[in-house]
Structures are given as C-alpha cells and as structure tokens.
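The values are calculated or read from the model by the stated rules, or taken from the named source; none is laboratory data. Quantities reported herein were computed from a predicted structural model and do not represent experimental measurements. FYI the Cβ positions are ideal-geometry reconstructions off the backbone, even for glycines, and counts take in every protein chain you see. The area values use the complete protein model at the heavy-atom level, side chains included, leaving out ligands, DNA and RNA. Shrake-Rupley method; radii C 1.70, N 1.55, O 1.52, S 1.80 Å.
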Amino acid sequence: MIGRIDWQKLSDFERERAEDICVLFFSRGKKENGEWKIGDISGKAGDSLGIQLTGPNAGLWHERAGSGGGRLRKLIAQSRNLSDEAAVDEIERAFGVSFRINGSSFDWMACINAMAASTSQLREIAEWRGYSREFCAWLVANKLLGLFKGKIAFPVYQNGIVVCPHWLQDRPNKVWKFFTGMPASPLLLGDLETATDVHLHESTWDGLAFHERTEAYKCKEVCTIITRGADHTAKLRGLIPAGKRIYAWPQNDQPNEKSGKIPSETWLNGVRAVLGVLFFHVQTPKEFADLNDWTRSGATKNQLLDAIDAASPIEPQECEIGPAARPIESEVVPEPPRIYLEFLKPSEIKAYQPPKGHLLAGDNHIVRGSVFVLAGPPGVGKSRG
C-alpha cells in the first residue's frame, strides 16, 4: 500500500470495529463484560490484558500486569513485532479497506496484465493441469487468473473488490499463500443468481477442472465455488441462495500422518454443518487422488455427468460422513440431477423407443414435451386440429 495514512479514519474504524479486529487478530481471547480478554500482548489466552469493545474508549487496550496500553494498531504491531505502519497494512488487508490519503488498494489488474502478456505461462498451465487453452484464456479475460511476482495467482474478493492474491508460492510442495491476516474467501466461477446448480470443491485445481471439463464456463446455469482448503468451509455460510441444487466433490485423501484425520472428510463434514440443507456428495473414482487427477487422466464430460447422476444425497442432520457416503432414506425425494446433454451411439439412436405416453401423433411428429409446428394454407382446418 502507498500514500499517507488518515489516522482519524483509522481511529474511527478501530472504535467501530473493535470486536471484529479482536476476533481476527487475537482469536485466542474471549469476550467478557464489554472487553476482549487475552493473556498479554502476544495474544495468548488469559485475562491480564483487556481491549475495550464498546463506548467512547472502544479500540483502546490496557495491560493490568504492567503499564502498557494504547490503540489496537499499537497492540497488533507489538504482538507481531511490526512497525505501526506495517500494522495498518495488516488491518487494511484483513478487512479490504484503505486508510490512505491518495492511496490505492492492491493492483490485481497488474497481475492480470502480466498473465495476459505471458502466452508461455498460459500454455504451460493448460498442459500441466490438463485444461484447454480456451478455458485458460477465459479465466484471464474474466480476471480470474494472474501472475503475482511471477507466481500463478487467483483473486481474493471482499465486497466486490480484489484485496489480495491467492498465489502458488511453492509449486513442488503445493504451498499456497495469502497476505498475512487475510481471511480466505471462496473463489466463485459463474453467477450464483442465475445458476440452478452449485458445485463445491476444496481445491482450486479441482474446481477449475470441473468448470472446464463440463464446459460450465459456457453457460449460466452452473456455478463453481472453491473453498481454497479443507478448513475454510465456514466461509460458505449464507453464501448460496435458497433453492439451488448443491453438489460437493471431496477429494480421495489419505489420513494425515500426524493427526490421523482425513482432510476430505473434515471438508465434507464442514460443508454439511455450514449449509444446513440437503446436498449431494459426488464421488471421484477411488483410483484417482482428486477430480483434477481424474480429468488429467482423460475423464470426459459424460463421465463427470455420470458421477453427478450417481451422487448420494446428504441430509444436514447426518453426523458421520465417510468417503463413500450412503444414500439417506427420507420422506422428501430430492429432485434428480438434470442431464443437460447426452451423447448416443448410432445403434442406440436406431433402437430408441419413446417412453409410453410421449408419442402423441405420427412418426415422432408430435411428442409430449417437444416443440412442433402445425402449418398449412388458410381454410384447411389448422384451428380445429
């Protein structure tokens, strides 16, 4: 960030958003009697340091065991060994705001332009992840793919503004980065308002693979949401409008060597807890680590649609969800997934028999649910027909 700091604007923000700042920067604390209590300036649990949350002194802190005190930005600076200006940077990034006079926010367009100018990077991404070049070009055109300091990056939005990149810092070790203190908001591909179907993915590469292989980027009926990790499902709360068909695509993860937990199960259970509505669990074939692994191995659009057709419904009150979730018996029968396009072999077309009651007249001239034209010169009886 550049530009002089408007300290009054920052002070007003600290006073008005004191609790939000505390929750984000001192998450081990607790709210008690109008204060946010922590152990000391490090932010550990305890009650020796209090931050006022309400009234004219909101945003001010004092340490009972010592003589320390001041504004929240000073406490953030001390807890992280930063300068006051660097602490302001952290607050700006975390909340997607600017306290600068003649300043500017993160320049995502510079990242887009860098990617657009690098055809070799686009070609390499397409080959590496198994995407079409057309799709990669679509990502850049829609400001969804850029280069941040030479690294592949995707935008992080807050209130409709890109506030930071989500970039692949270490490709061999699969290390992704955000700006320090920046909440990980989901990445959306498509329009939630026009979509009838919403597909959820943990991994950016999986979400992009689905959107590319099903050609969802060419229609308005499908939206893809990427949580950017197994621990960020809480960001889905309240995001998806009511009435959408929702599909979750967990990965086929192995248990963590240290904790023994399976990240994909953590993610799927998190999705269930946050959504609070019935959704469908789509199973990627077990021989593939994840959806992008499957598409890179040649999975076709029809194979993905078949997986959607076979999805298992998951009810919100279900407690245990494993990698192969079972269908749930319910009095409410969910609407079956919609098939937008189906390919038939010539032999299947030749042997096709319309369902009973669909053929109304002639040799497929008038079929229930289809459009037909009744034409002829005046007086031949079109109206009576």
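Some notes on this structure:
- Solvent-accessible surface of region 77-197, averaged per residue with a 1.4 angstrom probe and all protein chains in place: 47 square angstrom.
- Sites Ala242 and Ala273, calculated FRET efficiency, Cβ-Cβ separation with R0 25 Å, nearest 0.05: 0.90
- Carbon/sulfur fraction of accessible area - region 127-224, other protein chains in place, 1.4 Å, %: 50
- Accessible surface of Arg368, taken over heavy atoms with a 1.4 Å probe and every protein chain present, rounds to 130 Å².
- For Ile152, distant residues with modelled amide H under 5 Å away: Leu168
- For region 85-98, 3J(HN,Hα) per residue [Karplus equation, 6.51 cos²θ - 1.76 cosθ + 1.60, θ = phi - 60°, Hz, x = Gly/Pro]: 5, 5, 5, 5, 4, 4, 5, 4, 5, 5, 10, x, 10, 9
- Available extension along the chain between Asn173 and Met109 is 20.3 nm, counting 0.36 nm per residue and deducting the alpha carbon span.
- Karplus-derived 3J(HN,Hα), 6.51/-1.76/1.60, for each residue of region 247-252, Hz, glycine and proline x: 10, 10, 10, x, 7, 9
- Multiplying the residue separation of Ser259 and Leu374 by 0.36 nm and removing their Cα-Cα distance gives an extension gain of 34.5 nm.
- Placing a pseudo-label 7 Å from each Cα along the Cα-to-Cβ vector at Lys220 and Gln8 gives an inter-label distance of 4.6 nm.
- Considered as an equivalent ellipsoid built on the Cα gyration tensor, region 183-223 has semi-axes of 16, 13, 7 Å, the largest given first.
- Cα gyration tensor category, rounded, prolate or oblate, for region 1-65 with a/c compared to 1.5: prolate
- Three-way shape call for region 206-283 based on the alpha-carbon gyration tensor, with the a/c threshold at 1.5: oblate
- Per-residue ³J(HN,Hα) for region 133-146, Karplus 6.51 cos²θ - 1.76 cosθ + 1.60, θ = phi - 60°, Hz, x for Gly and Pro: 5, 4, 5, 4, 5, 5, 4, 5, 4, 9, 6, 10, 9, x
- Cα-based shape type of region 29-141, given that a ≥ b ≥ c are square roots of the gyration tensor eigenvalues and the cut on a/c is 1.5: prolate
- Backbone N atoms of region 18-53 closer than 17 Å to the 7 Å Cα→Cβ label point of Arg64 belong to residues 29-53.
- On full extension, the segment bounded by Lys44 and Lys350 gains 102.9 nm, given 0.36 nm per residue less the C-alpha separation.
- Cβ crowding within 10 Å averaged over residues, with 215-223, 147-155 ranked highest first: 147-155, 215-223
- Rounded to the nearest 5, the antiparallel percentage of DSSP beta bridges internal to region 135-284 is 55%.
- Here's how it looks for Cys164: its modeled amide H is under 5 Å from those of Val156, which are all 5 or more places away or on a different chain.
- Label-zone membership for region 111-134, site Lys149, 7 angstrom Cα→C-beta point, backbone N under 17 Å: 111-112, 114-115
- Taking a straight line from the alpha carbon of Lys258, these aspartates and glutamates sit under 18 Å away, with near neighbours fewer than eight places off in the same chain left out: Asp231.
- Placed amide H near Ile314: partners under 5 Å, 5+ positions off or other chain: Phe279, Phe280, His281
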